[in-house]
Amino acid sequence: MADIEDERFDFVVVANRLPVDRITTHDGSPSWKTSPGGLVTALEPVMRANDGAWIGWTGTADDDQDAFETGGLHLVPVRLSASEIELYYEGFSNDTIWPLYHDVIAQPTYSRRFWEAYVEVNRKFAEAAAAIAADAGTVWVQDYQLQLVPRMLRELRPDLVIGFFNHIPFPAYGLFSQLPWRREIVEGLLGADLIGFQRRADAGNFLRAVRRLFHVPTGHGRVELPAAGEGRWPNSMSDQPRTVVARHFPISIDARSYVELVERQDVRDRAAQIRHDLGNPSTIMLGVDRLDYTKGIRHRFAAYAELLAEGKLDVDDTVLVQIASPSRERVETYKALRDEIELTVGRVNGEYGTIAHSAINYLHHGYPREEMVALFLAADVMLVTALRDGMNLVAKEYVATRADDDGVLVLSEFAGAADELKQALLVNPHDIEGLKRAMLTAVHMSRQERRTRMRALRHRVLTHDVERWSKDFLDALAQLRPTESAKAAAAAE
Ligand code: GDG
């Protein structure tokens, strides 16, 4: 293993998790495997292309793992204790910020102990980035677990260009203002030069929070911060005034890799096998989500069960496959959600299933990507009914997979993807009647209409892939880097 302890990197990604999971190989030796998940899926190709370093937690408590390289990635672990994981990760990140930023679908916990751990852990990440970033390097901080890092890092390393991307929504000020540490969070983010959001509305909500809390001007997505010591807090964190840009950069997927998978005969055979194993129904509906209360799984089940009850769908020729991959299983709200979902599955199957056919085929597992693609290919109707979702990559993955220009996407207007995927059947998942109508429309849609819609959707996803997302963000960030002449002029003043 190469020793990269003393190396400096021009490009550094900072994220809560490293993009790998520790595994044990057949011969019993430890190794690493690239882990699934939205952020990893999005950033892995970017990292490889830029030959950068990635700072993050390994996923194991009290892990003394040194910096290492695997699969061409330079990885720098941040050690987190069991108590830090409980308070910073499961606590402040997943039990405070996650529910608050998803419009309080679940009640956020406001705990001072959580907050204190969040500050301390954010400091660890900022220090790790400050230690390995090259002079005037670029650091890209990812997501809601690390909102204080931009400011902490700027204070440690004013030479760096700092970007931040928020993968989840940013809530309206009326909700955000509940947060006892709302000022600190906004100040933390304003340490960045560029703050990226999924939707235009998220950037708008953030800029409104800046105005409401600090009364600084924010025209055209630019926050004009006064020099340190001048004006009201927050100051620019430097002796010069600074501009921070906040804009939307909708994330996407590595679309070509999905197209390549669909071209594989074994994947297509598997799709056919899945349909066969399900009893060759006329309609396969599919949901693929982390088991999370933001994803609207209950609403989906409610609509489907009502359609069965009303005889508008029949288990003899329709099945709903729900992959609910295990997530945050130590957080109480998630334990309760799992119980509730599994109770519902039992009820719906008990009520409407037959010896030959289940109504809902529920699977609480993670699957390899090949299997996911085979499922997408087999699914006539894809149900994405999130109550609030930053983007929702599953919707884009389904579309990328359907090289046959077939399949219907039912998509919540509360997922960021709805801003781009306008030819989907857009739904308000709270409106169960509307959701039922959309499901029936999807089931009965003509081949011609399916083709027209899917072609337009595919055009969008294939031309706006993750490479374009990261390029757009990094190009915008590079434009904000002060030029040598601007630096000289500032120094001469
Ligand atoms: C956050 C934001 C935003 C899921 N189960 C399996 C599996 N997955 C993959 C999916 C997809 C990813 O995980 C999930 O991404 P989503 O975007 O749907 O949702 P979050 O995990 O909540 O991600 C979200 C995203 O960040 C990126 O910015 O879009 O709004 O909440 O890629 O396919 N992959 C495999 N097996 C599984 O069982 N292989």
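The values are calculated or read from the model by the stated rules, or taken from the named source; none is laboratory data. In this text, all values refer to a predicted model and were calculated from it rather than measured experimentally. Because the Cβ atoms are built from the backbone with ideal geometry, glycine has one as well, and the counts that use them run over all protein chains shown. Accessible surface areas use protein heavy atoms only, side chains included; no ligands, DNA or RNA. Shrake-Rupley method; radii C 1.70, N 1.55, O 1.52, S 1.80 Å.
Determine the shape class of segment 255-463: with a ≥ b ≥ c the square roots of the Cα gyration tensor eigenvalues, call it rounded for a/c under 1.5, and otherwise prolate if a/b is greater than b/c, oblate otherwise. It is rounded, given that a/c, with a ≥ b ≥ c, falls under 1.5. Residue 70 contributes an accessible area of around 40 Å² to the protein surface, as traced by a 1.4 Å probe with all chains present.
Note on the chain: helix-only mean residue ellipticity at 222 nm, from DSSP H runs of 4+ residues weighted -39500 (n - 2.57) and normalised by residue number, equals -12500 deg cm²/dmol.
Shape of segment 250-372 from its Cα gyration tensor (a ≥ b ≥ c, root eigenvalues): rounded if a/c is under 1.5, otherwise prolate when a/b > b/c, or oblate? Note, shape of segment 250-372 comes out oblate. Per atom type, the chain shows carbon and sulfur on 48% of its accessible surface, probed at 1.4 Å.
Our coupling estimate for segment 65-73, obtained by passing each phi through the Karplus curve with A = 6.51, B = -1.76, C = 1.60 and θ = phi - 60°, is 4, 7, 4, 8, 10, 8, x, x, 9 Hz, Gly and Pro reported as x.
Would you mind checking segment 257-275 for residues with the amide N under 13 Å from a putative spin-label position 7 Å along Cα→C-beta of residue 49? Within reach of a label on residue 49: 257. In this structure residue 34 has an accessible area near 60 Å², from a 1.4 Å probe over the protein heavy atoms.
Distance between the 7 Å Cα→Cβ label points at residue 351 and residue 127: 5.5 nm.
Once the Kirkwood radius over Cα pairs is known for segment 319-413, the Stokes-Einstein relation at 20 °C and 1.002 mPa s delivers a diffusion coefficient of 143 µm²/s. Residue ranges 97-110, 157-170 sort as 157-170, 97-110 when ordered by packing (mean number of other C-beta atoms within 10 Å per residue, highest first).
Filter 295/396; 335/422; 422/471; 295/422 down to the pairs with a C-alpha to C-alpha distance above 27 Å, please. Exceeds cut-off: 335/422. The stretch between residue 136 and residue 60, if pulled fully straight at 0.36 nm per residue, gains 24.2 nm over its current Cα-Cα span.
Taking amide H as placed 1.01 Å from N in the peptide plane, the amide H of residue 248 sits under 5 Å from that of 197, each at least 5 places away or on another chain. The largest-to-smallest principal axis extents of the Cα set in the chain are 78, 55, 43 Å. Computed extension length for residue 278-residue 472: 65.6 nm, one decimal, from 0.36 nm per residue of separation with the Cα-Cα distance subtracted. Mind jotting down the distance between the C-alpha centroids of segment 378-421 and segment 70-88, whole Å? Value for the Cα centre distance between the two parts: 32 Å.
Rolled with a 1.4 Å probe across the full set of protein chains, the surface gives residue 9 an accessible area near 10 Å². Between residue 201 and residue 422, the simple spin-label model (points 7 angstrom out along Cα→Cβ) gives 1.6 nm.
Evaluated over the Cα positions of segment 15-155, the convex hull gives a direction-averaged projected area, one quarter of its surface, of 9.5 nm².
If R0 is taken as 30 Å, the Cβ-Cβ distance between residue 82 and residue 441 corresponds to a FRET efficiency of 0.05. Packing, as the average of other Cβ atoms within 10 Å across residues, places the peptides 330-340, 392-402 in the order 392-402, 330-340, highest first. The stretch between residue 23 and residue 259 holds 82.1 nm of extra length on full extension. This uses 0.36 nm per residue minus the Cα-Cα distance.
For segment 85-166, a Kirkwood hydrodynamic radius built from all Cα pairs, placed in the Stokes-Einstein relation at 37 °C and 0.692 mPa s, yields a translational diffusion coefficient of 248 µm²/s.
Computed from the C-beta positions of residue 107 and residue 306 and an R0 of 35 Å, the FRET efficiency is 0.80 to the nearest 0.05.
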